1. Quick one: how many residues across the stretch 8-25 are closer than 15 Å to Met51 by Cβ and of a type in the set (Gly, Ala, Ser)?
2. So which residues in the stretch 1-46 are touching a strand residue (DSSP E or B) at 6+ places or on another chain (Cβ under 8 Å), open to solvent by 100 Å² or more (accessible area, probe 1.4 Å) and part of a loop (DSSP other than H, G, I, E, B), if there are any at all?
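The values are calculated or read from the model by the stated rules, or taken from the named source; none is laboratory data. Just so it is clear, the structure is predicted and the values come from calculations on it, not from any experiment. When we count neighbours, we look across all protein chains shown, and the Cβ atoms used for this are built from the backbone with ideal geometry, even at glycine. Side chains are part of the model used for accessible areas, which takes the heavy atoms of the whole protein and leaves out ligands, DNA and RNA. Shrake-Rupley method; radii C 1.70, N 1.55, O 1.52, S 1.80 Å.
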Amino acid sequence: MKTLVFCAKEFETIEFSVFIDVLGWARNDYGYPVDTETCGFTKQVMSTFNMWPSSC
């Protein structure tokens, strides 16, 4: 299964991490083949704390 997480400009890191955590648990704890990609309107989208997802 493939998932796409959209990161808007100045997204909240804590809100983003919830989705990534749940998808990671599905893969690591339950064996579901989940691939996660992140995207935004620009090549690199910064969060409110100047962090960004590694695969943007």
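1. So the count comes out to 2.
2. Answer for the stretch 1-46, where residues must be touching a strand residue (DSSP E or B) at 6+ places or on another chain (Cβ under 8 Å), open to solvent by 100 Å² or more (accessible area, probe 1.4 Å) and part of a loop (DSSP other than H, G, I, E, B): Met1, Glu10.
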